[in-house]
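Heads up, the thing below is written out as structure tokens.
Taken together, the values in this text are just the output of simple stated rules run on the coordinates, not laboratory data. Since the structure is predicted, the reported quantities are computational estimates derived from the model, not experimental observations. No Cβ is skipped: glycine too gets one built from the backbone with ideal geometry, and neighbour counts run over all protein chains shown.
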Amino acid sequence: MKFIAEVFYLIAALLFVTGLKKMSKPETARNGNFLSSFGMLIAIVATLVHYNILDWTYIIGGILAGSVIGLILAKTVKMTEMPQMVALLNGYGGLASLLVGFAEFSRQFYDVTNPDVMHSIDLYTSITIILTVLVGAITFSGSIIAWAKLKEVMTGKPILFKGQQFVNAAILIAAVVGGVMFCINPADSYYIFIALIGIGLILGITSVIPIGGADMPVVISLLNSYSGIAACLAGFVIQNNALIVTGSLVGASGIILTKIMCKAMNRSLANVLFSGFGAVQVKSGSGEKGEVNPVSVEDAYALLEAANSVCIVPGYGLAVAQAQHACRELADLLEKKGTEVRFAIHPVAGRMPGHMNVLLAEANVSYDHLYEMDAVNPIINTVDICLVIGANDVVNPAAREDKSSPIYGMPIINVDYSRTVIVMKRSMATGFAGIENPLFYKSNTRMLFGDAKNVLQGLVAEFKKV
Amino acid sequence: MTLDLLVPLLFIFGLAIFLGVEVISRVPSILHTPLMSGSNAISGITIVGALVAAGEGHNTVSTILGTAAIIFAMINVVGGYMVTNRMLSMFRKKEDAK
């Protein structure tokens with residue numbers, strides 16, 4: 001009977017891999033997601049059939065409750081709120097693994113309601129259980145903090161205090177010491193076990209609070225990876241291949257995304273995790289400022305009207321102003337009169353990997369118009385107009401030119417190489433990272449001040465007049 | 001003794017990591033958000049462990065913990081797959097839209 005269950009787990013794992021493989025193209029991605037969910041159904045059914053389930057009430061109740069909550073979350077979440085949703089789901093994944101580890105502990109070692117019976121413990125199980133519980137706890141509390149920061153129920157600013165590194169190191173040492181004590185002498189381990197859950201939860205909190213809001217894309221990618229690793233460890237505990245394979249896939253996915261995000265910000269992971277970027281008020285070489293060239297909506301219209309190719313560079317400011325639809329409308333009008341329109345998306349535009357693409361797709365921008373930074377930069381000098389909407393740091397030439405700038409070396413979209421740049425901006429205020437942007441003072445830059453949505457609607461109205 | 005068990009499990013683990021890196025580095029950046037929510041759904045596989053803990057009825061504590069784990073894992077599974085599907089259905093080419 002175990003053989004049959006294992007075969008079904010194998011089929012489920014293959015479906016997960018196939019599903020992820022189909023994610024490599026937008027055409028097949030939906031189908032891939034469907035295959036993957038079918039794999040999950042197979043895994044669940046195989047488990048229910050194979051194991052000797054004595055009591056169905058809790059199982060059915062749990063499945064129903066979880067499904068309803070999941071359904072409501074998925075149906076009601078706004079696309080701008082996706083980072084919070086993913087942070088929350090990461091946290092639930094970690095919590096589920098933590099609970100499974102805890103349940104296995106009670107089942108195999110020590111049941112608090114029946115304290116006279118203490119089972120014998122082997123080293124393998126005690127190590128895997130304690131690791132599952134620790135990683136699960138860190139993932140859960142870390143994700144909740146990330147969620148709170150993204151949701152802005154707590155400050156997005158890094159929370160730093162004196163001796164923070166010391167405190168973190170002390171907590172980490174406590175976790176290691178506690179873990180070793182648990183594994184060596186599991187006989188009186190119950191309180192150590194509970195304490196370790198607490199330590200894991202504290203560690204999750206203290207490791208995420210010093211990270212600023214702008215760095216959240218890295219953090220949720222990393223926590224995504226942790227949630228996979230927690231599931232994988234839980235697989236080691238119950239010796240289930242399906243969990244190990246699947247957990248590793250998710251772990252790998254999270255790590256790849258973390259690497260991409262770090263590269264896009266030109267920072268090492270250690271730098272993101274420990275430096276509290278944005279806490280220190282950075283002043284870059286601000287000496288040579290110069291004149292800005294403000295233009296009116298009519299002037300901007302005249303420039304766009306005459307352009308043969310336009311490249312739109314959106315930033316999170318576009319989403320904040322709820323201007324995606326107005327932006328798509330403008331792009332459609334430009335296209336209708338034969339202008340070549342591209343959307344150039346920086347990897348860290350938005351609040352999580354790929355976020356801006358989803359926001360534009362929601363506004364019905366065709367996905368073959370969405371270009372990655374590396375696809376646009378080589379041809380950017382052939383573009384007549386770059387229209388920068390609500391983006392700042394990702395188009396800041398200081399990253400290329402100014403060695404004293406804190407973002408020096410970060411890959412940017414080189415909009416200043418195009419013939420004319422129109423920057424749509426509410427005011428001259430600095431961006432998320434608080435860094436001066438010399439782009440605004442370049443001779444081929446025009447500043448179009450105002451709320452992105454109003455300005456875009458103004459431009460659309462101009463086009464419709466004719 | 002059970003450390004012997006670890007070898008085949010580590011074997012599988014190593015290969016799965018390798019496979020994961022190969023497959024996922026092919027996902028284009030425009031699909032990275034659905035990739036994350038989709039992989040969230042997949043990490044709900046912990047439900048397998050939760051079902052065993054809740055259903056085998058060894059003791060009250062593991063049943064309660066297992067049931068709670070089922071709820072959270074199921075939120076991941078259902079929420080993750082549905083929201084991924086919702087996002088992916090928005091990715092259209094112009095020709096398809098009309």
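Return A:424, A:261 ranked ascending by Cβ neighbour count within 10 Å, so the fewest neighbours appear first.
A:261, A:424
From the square roots a ≥ b ≥ c of the eigenvalues of the alpha-carbon gyration tensor of segment A:297-465, which class results: rounded (a/c under 1.5), prolate (a/b over b/c), or oblate?
Rounded, because the longest to shortest axis ratio a/c is under 1.5.
Cut-off under 20 Å on the C-alpha distance; same-chain residues fewer than 8 positions from residue A:464 excluded. Which lysines are left, in chain and number order?
Within the straight-line cut-off, residue A:464 pairs with A:336, A:337, A:453.
Using only helices, what value at 222 nm comes out for chain A when you add -39,500 (n - 2.57) per DSSP H run of length 4 or more and divide by the total residues, to the nearest 500 deg cm²/dmol?
Mean residue ellipticity, 222 nm, calculated: -19500 deg cm²/dmol.
Under 17 Å Cα to Cα from residue A:465, which aspartates and glutamates show up? Leave out anything in the same chain fewer than 8 places away.
Result set, ordered by chain and number: A:298, A:299, A:305, A:329, A:332, A:335.
Per residue, how much space in cubic angstrom lies within the convex hull of the C-alpha atoms of chain B?
Taking only Cα atoms, chain B has a hull volume of 123 Å³ per residue.
What residues have an amide H closer than 5 Å to that of residue A:211, excluding those fewer than 5 places away on the same chain, when H is modeled at 1.01 Å from N in the peptide plane?
A:159
On a C-alpha basis, how far is the centre of segment A:74-110 from the centre of segment A:308-329 in Å? Whole number, if you could?
34 Å
Charges only on Cβ, +1 for Lys and Arg, -1 for Asp and Glu: so what's the dipole of segment A:297-465 about the Cα centre, in debye to the nearest 20?
It works out to roughly 200 debye.
Please average, across the residues of A:50-58, the number of beta carbons from any other chain that are within 10 Å of each residue's own beta carbon, and give a whole number.
5
Would you please classify the overall shape of chain A from the alpha carbon gyration tensor, given that a ≥ b ≥ c denote the square roots of the eigenvalues, rounded means a/c under 1.5, and beyond that prolate means a/b larger than b/c while oblate covers the rest?
The shape class here is prolate.
Return the whole-Å distance between the Cα centroid of segment B:12-58 and the Cα centroid of segment A:190-234.
Centre-to-centre distance over Cα atoms comes out at 17 Å.
Toward the positive end of the charge dipole of segment A:1-76, about the Cα centre and with charges on Cβ (Lys, Arg +1; Asp, Glu -1), which of A:45, A:57, A:34 goes farthest?
Of the candidates, A:34 comes out farthest on the positive side.
Using the count of nearby Cβ atoms within 10 Å as a rough guide to exposure, how do A:56, A:147 rank from fewest to most?
A:56, A:147
I'd like to know which of A:123, A:10, A:91 lies farthest towards the positive end of the charge dipole of the protein assembly as shown, counting +1 on Cβ of Lys and Arg and -1 on Cβ of Asp and Glu.
The listed residue farthest towards the positive side: A:91.
Across peptide A:384-392, how many C-beta atoms of other chains are within 10 Å of each residue C-beta, on average?
Mean partner shielding for this stretch: 0.
In debye, nearest 20: dipole of the protein assembly as shown around its Cα centre with unit charges on the Cβ of K, R (+) and D, E (-)?
With only Lys, Arg, Asp and Glu charged at Cβ, the dipole is about 920 debye.
Can you give me the C-alpha center-to-center distance between segment A:385-423 and segment A:1-44, rounded to a whole angstrom?
42 Å
Beta carbons within 10 angstrom, averaged per residue: use that to sort the peptides A:317-323, B:73-79, A:228-234, highest first.
The densest-packed peptide leads the list: A:228-234, B:73-79, A:317-323.
Determine, for A:81, A:462, the number of other Cβ atoms within 10 Å of each Cβ, and report the residues in order from fewest to most.
The order, fewest Cβ neighbours first, is A:81, A:462.
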